[in-house]
Structures are given as C-alpha cells and as structure tokens.
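Worksheet: the structure to be examined is printed underneath.
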Amino acid sequence: MRFQLSEEQRALRAGMRELLVRRFDGDVLRAAVAEPRLDRALWRELGAAGFFALRVPEADGGVGLGLPETVLAFEEAGRALLPGPLVATHLAAGTVPGAAEGETVVTDVDGGGLVEWLEEADVVRGDAAAAVPLKSVDPLTPLHRVPGAHGGAADPVAVLLTAAEQLGTATRACELAVQHAGTREQFGQPIGAFQAVKHLCAQLLVRAETARAAVYAAAVTGDPMDIAAARLLADEAAERGARDCLQVHGGMGFTWECEVHLLLKRAWVRARRSGGGAESEESLAAGLLA
Amino acid sequence: MDLAYTPEEEEFRARLREWLAKALPGLPPQPSPEDWPGRRAYDLGWQRMLYDAGYAHVHWDASPTTRLIFLEETETAGAPYVGAGFVGLLHAGPTIAAEGTAGQRDRWLPPILRGEEVWCQGFSEPEAGSDLAALRTRAHRDGDDYVVTGSKIWTSHAEVADWCELLVRTDPKAPKHRGITWLAMPMSAPGVVVRPLRTLAGSAEFAEVFLDEVRVPVANRVGDENDGWRVTMVTLSFERGTAFVGEVVACRRVLGELARTARDNGRWDDPVLRRRLGRLNADFRALWRLTQWNVSEAEANGGVPGVGGSVFKLGYSHARQELYDTAAEVLGPESLDLERPWVLDRLSSLSYTIAAGTSQIQRNIVAERILGLPKGR
C-alpha cells in the first residue's frame, strides 16, 4: 500500500498548477469577472496539455492515464477557480469530435436540470430546448434551467470530478485564509495569533485534508460508496471553507473586489450538480444495509 | 497512489485471520468493566496468547502497514482490546526501546511483551493537564535514589499497575520544558497511594496517584536528567498517529449495527435520521482513508508519524461523539437506560475531545505547526 502521490503524479499536478498560474492567476480571474466569456485560447491550451484527453487511451490519441491523475488535474482547476464546463467536456473527449483537443466546448443538462455555459457551448448533451436563463449567483458560471428535467442516476465520474474541483477550492480557501491571518494586523499583532481566528483556519485544513483522503481513495477504487463519501465531504470542505475564509477576511471579505466570494459562489454552483447532498447521504445510508 | 497490499502483507493478514478464528472461540467471557483485577488478568492473558503466537512484537518492530493490518483484523474479528496493556505496549515500551539502555530494555521489555507486567502513565497533574510541561511533581537526588513528592491524575489502570512511567521536575529553575526527567517508578514503592476516580460514566476508569517521598533508583531513569520532555515526545507522537486504527474499524461496525437496528425498530423511515447515518458513513470512510494515508506517509518517512495525527484526532473525536449521539436517536427513550448497548459508549465518547490533548490544543497545533500561523494567546 503506497497511498501517496507517485513522482509522476506530483509532476503532473505541478505542471497543471504551473500552466494555470501562468494563464489564469488571481488578476486574470478578477478580470474575467468583469467580462465573463469563455477563453477559447485557454481552452485549446488545456486541450493541448491533455486535460480533456487524460483518460482517452493512447491508441485513440489520448494521454492514457486514469482517474487518480484526472482527479489531480481537476483539483488544480478547482484551486484556480477555472471557469467553463470542464467536467462535461472531459467526459465527452473521445466521443464528441474536438472535445479532447479543446476545440469543441461541450456542456450537458445536469440531472438537477441546470446547464452551465449553454450559450458558449458548441455541443449540448441532453435536451435543453426548453432552457430558460437564470441570473447566476456565480459571475463566472452562466446558468440555464431546464424545467422538469430528470437526468436519472448521476455519472459517478462526473460526481468524483466535481468533488475534486471542490477539494481544490477548499485548499485555495485554506491558503487564502492562512495568508490573510498571517499578514493582517489588528490590536498590534497578526490576527492569526488569536485563537478564534487560528481555530477557524485549523478547521479549514481538517475538512480539506479529510476530503482529500476521501477523494484520492475514491479515484483509486472507483467504488460508488467511496465516490459518494468523497463528494459529500468535498462539497462541505469547499462551502464551509469558503465561508470561513470570508469570515477570516472580515469586512474586506464581504466586498466584490476580494476574490473570496467567488470561491463560495462556485462551491454553491458545484454543490447543486447531481450526486451531492441528500442524494449522496441516501446512497451512503443504503450502503450501510447492503 | 494505490491501496493494494503487498503479497507479504496479504499473507500476514491471512495467517493472522486464520489464527484469530482458532484462538478467539476458546477465550473466557470478558470481565465486567468495573472489575479491574479481572480485566488485568484477562488482558494479560490475551497478550500472552499473542506472544505465544508470535504477534506480541507487532506494535514495536512491524512496519506501519503491518500494524494497520494487525489492528484492522483483530478489531474486525472481535478480539479483546489491548486494555490494561495499553501504556506498556504503546507508550512506555516504545519509549524504553528507543531511549533506554541495554539493561533497561532487558529488564522491562520482555515482561510487557509476555503479558506479565502492567504500566500506567504518570504524566497529567491537577494543575497540568493539556499544559503538560507545567507539571510540578518534584524529585531531588539523594545518593542513588530520586526522592519524589507530588501527585498525578487521570492515571488509567493505576490500581492494577506494576510500573508507572513518571514525569518529574528535577530542575525547578530551568525553563518549563527543560527541567523534566522520565522515571520508571514501581507502584509498590512506599509512599505511593492510589485513589480511584469515578468518571461521569460511573466507572472507576482512572485514578489519582499521590506520591510522598517515594524513593526511585537513579538507575530507573530513562534518558538524561532534565531531558524527559524530549523522551516523552517519542511516545506522544505515536498516540496522535496510528493509535486509533482499531477504533475507526469498531466505529464502522457500530454504524452498520445502528443502521440494522434502525431498520428493525422503524426509525429508518425517518429521512433526517437516515441521512445522518449516511453522513456518518462518509465521515468514517474518509477517516479510514486518512488513516491509510497517514500510515503510508509514516512508512515513507521511516516509520515516524507526522503532525497529521492532529488532523485525524480532531476529525475522529468529533465524529465518534456524533456517532453515539446518533445511536441515541436510533434507540429513542431506551437511550436513557444505562443497560442498553451504546449508552455507556455515548458517555465515554465525551472524553475523546479532551484526552490526549483537547480539541482546542489540537487546533493550535494544526494552526501553528502545519499552517505556520504565529504563536499567541
């Protein structure tokens, strides 16, 4: 049992992080909020880096890696708050022409009846004919709602990749909170010296690290119960983590300029995708009697 | 990143499982929780069986993964808990093995392994609980002896222990972490008085120990004089590392029993309760994965558990309390009957966020040592 990242997995994660820091750092993120359009050049760059084709066999022109590597890549995307229908396009790679290369943007009608990035997508999987636009809470995820949509059982890979994105966002929330707590001074010392603030940061890490173990294990086993557990804990780590991060930032955290609200809003959007919340709790409960 | 065990590890698991299947049916019934002499005899008898079968050393010189398998399998099979042997096997023993002289190892380690001697832990004091280094029990040299005076508290198994791993202050003028010494004190020494303490669960699980001019030979000192704090950290890091493996397995078993009980008594139809059980399933699965992660990390670091143990303990101690609170929801009014299963467990789970460093202390450790936040108040 070597339940630790291999050298290759570390290198893959580092490469993905480097690409996103170069192409989608905090400044680009805030600029994107002002004009929320899908960055096609970045999308193709992701395609060239193999992001969408990670699980496509080498014989079919893909990278030929597995779920663990894919989870690491999606964790980095979640950490950078990378916008776009990443999961849907990744799942379409190998079947929808151009998806693997990042030439074709694919979105889908989620089981919960929401469609992300409908107007920017080239291909929509599912019936979005009756879709009506929402004024999305997340400025970087345009949303449509399809009334009466029933997607059936959620795709376990989609559930897991959503969990991986949430894990990345939870990690970013922890990093931002710790950075702020260590530099922002009040009452003559960094606020991170106060136990009340320190304990918020510690719980951010505890939730993120517990979720990390669950997400990575689910990527290794592919077991539906492991995936449900991973999703439940990652949703919570991201949502509560972003909320606690906002609290650590105080009044500044309540402003539009501070990026923390973007973490929370994205976490809310992802938590609504099918396979989370009550759905995962019910399947985990049923699993106890199996 | 994988979760597969090596062929050697799988072989160890299979042999152990086979041995447990033969050994467990012949065991006498467990003594009552109140019967400490009975429990001493029972727990030592089990340790002797492990010794004869070649498993006594597993906590000391097996790899972290092998230890994980041992704890997983013994708990799954319903084998006795280490019980009265806990301090000797998991605290004092590893400390003596790492820091003791050859003579000290020969004197104290074999009786621990063979299930002949019980140790207790004389660390905490009324004025020094989570702030362990604030301890006041004094010792001064008199010829070949230290003369010890003071008191200890929360000392598990003290009334049935042969030895106490004792922390004493030998230099009151030194900074508080620097003037401490580690001694092996015979519990039969004149001047040692044990008074059992009744817990909120009603049991006499631990005791106060009063020390009045107790003479402990200098030869019983492990490590250098005034170096006891460093010596002690050897054992505490273990407690925060893999020590809860068996308990996570046990909690997962209890969770399954709770679900079946709820199905049988109709409580399963309550979606709020059902979802709570589902949520606990996620928690304990994740805690098991975190255990595997920490064990793999320890293995990669040459067997040394890291501060990640604090992350685990925080999550685990709160999940355990949630588990038994949920058990009370499943039981309904019967949760007020002390004779029902899980009710005493619910009471004893209250200690988990306090013992071995409170949750508040653990959060400070996580914030300062992992996240690098400044020390403060």
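Structure values in brief
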item	result
Qualifying positions in segment A:227-258 - within 14 Å of A:Gly277 (Cβ to Cβ), surrounded by fewer than 24 Cβ atoms within 10 Å (Cβ to Cβ) and more than 10 Å from chain B (Cβ to nearest Cβ)	A:Glu239, A:Arg240
Helices (runs of 4 or more DSSP H) enclosed by segment B:1-91 - at least 3 residues per element that are more than 17 Å from B:Pro111 (Cβ to Cβ)	B:7-23, B:36-52, B:64-76
Residues of segment B:269-325 that turn out to be at the interface with chain A (Cβ under 9 Å from one of its Cβ atoms), among the hydrophobic types (A, V, I, L, M, F, W, C) and open to solvent by 30 Å² or more (accessible area, probe 1.4 Å), as a count	2
Among (1) more than 14 Å from chain B (Cβ to nearest Cβ); (2) open to solvent by 30 Å² or more (accessible area, probe 1.4 Å) - the single one A:Arg13 does not satisfy	(1)
Segment A:175-185, residues that are closer than 12 Å to B:Leu373 by Cα and surrounded by 23 or more Cβ atoms within 10 Å (Cβ to Cβ)	A:Ala177, A:Val178, A:Ala181
Qualifying residue in segment B:162-182 (condition: within 30 Å of B:Asp345 (Cβ to Cβ) and surrounded by fewer than 22 Cβ atoms within 10 Å (Cβ to Cβ))	yes
Condition met for B:Gly357 (on the phi > 0 side of the Ramachandran plot and either touching a helix residue (DSSP H, G or I) at 6+ places or on another chain (Cβ under 6 Å) or not polar (S, T, N, Q) (or both))	yes
Residues within segment B:357-377 that are surrounded by fewer than 17 Cβ atoms within 10 Å (Cβ to Cβ) and either under 25 Å from B:Ala282 (Cα atoms) or away from chain A (no Cβ under 14 Å) (or both), tallied	2
Tally, over segment A:269-287, of residues that are more than 7 Å from every other protein chain (Cβ to nearest Cβ), in contact with a helix residue (DSSP H, G or I) (Cβ under 9 Å, 6 or more places away or on another chain) and not small (Gly, Ala, Ser)	3
Residue within segment B:230-238 that is at pLDDT 95 or above, under 30 Å from B:Pro80 (Cα atoms) and either in a strand (DSSP E or B) or under 16 Å from the mean Cα position of the chain (by Cα) (or both) present	no
Residue tally, condition open to solvent by 10 Å² or more (accessible area, probe 1.4 Å) and facing chain B (nearest Cβ under 8 Å), over segment A:213-223	2
Positions within segment A:34-70 being surrounded by 17 or more Cβ atoms within 10 Å (Cβ to Cβ) and of a type in the set (Gly, Ala, Ser), in sequence order	A:Gly47, A:Ala49, A:Gly50, A:Ala53, A:Gly62
Condition broken by B:Ile96, with the remaining ones in (1) assigned to a strand (DSSP E or B); (2) open to solvent by less than 40 Å² (accessible area, probe 1.4 Å) satisfied	(1)
Those residues of segment B:71-88 which are of a type in the set (A, V, I, L, M, F, W, C) and open to solvent by less than 30 Å² (accessible area, probe 1.4 Å), in sequence order	B:Ala79, B:Ala84, B:Val87
The one condition in (1) open to solvent by less than 10 Å² (accessible area, probe 1.4 Å); (2) touching a helix residue (DSSP H, G or I) at 6+ places or on another chain (Cβ under 6 Å) that B:Ala139 fails to fulfil	(2)
Test: residue in segment B:330-346 that is surrounded by fewer than 21 Cβ atoms within 10 Å (Cβ to Cβ), in contact with a Ser or Thr (Cβ under 7 Å, 6 or more places away or on another chain) and in contact (Cβ under 8 Å) with a residue 24 or more places away in the chain	no
Conditions (1) among the aliphatic types (A, V, I, L, M); (2) open to solvent by 30 Å² or more (accessible area, probe 1.4 Å); (3) assigned to a helix (DSSP H, G or I): number failed by B:Val194	(3)
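This table checks each residue for (1) more than 9 Å from every other protein chain (Cβ to nearest Cβ); (2) surrounded by 24 or more Cβ atoms within 10 Å (Cβ to Cβ); (3) more than 27 Å from A:Ser280 (Cβ to Cβ); (4) touching a Gly at 6+ places or on another chain (Cβ under 8 Å).
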site	(1), (2), (3), (4)
A:Phe187	yes, no, yes, no
A:Leu204	no, yes, no, yes
A:Arg207	no, yes, no, yes
A:Met225	no, no, no, yes
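The values are calculated or read from the model by the stated rules, or taken from the named source; none is laboratory data. Bear in mind that the values here come from a model prediction, so they are computed numbers and not experimental data. Because the Cβ atoms are built from the backbone with ideal geometry, glycine has one as well, and the counts that use them run over all protein chains shown. Just the protein is used for accessible areas: all its heavy atoms, side chains included, with ligands, DNA and RNA removed. Shrake-Rupley method; radii C 1.70, N 1.55, O 1.52, S 1.80 Å.
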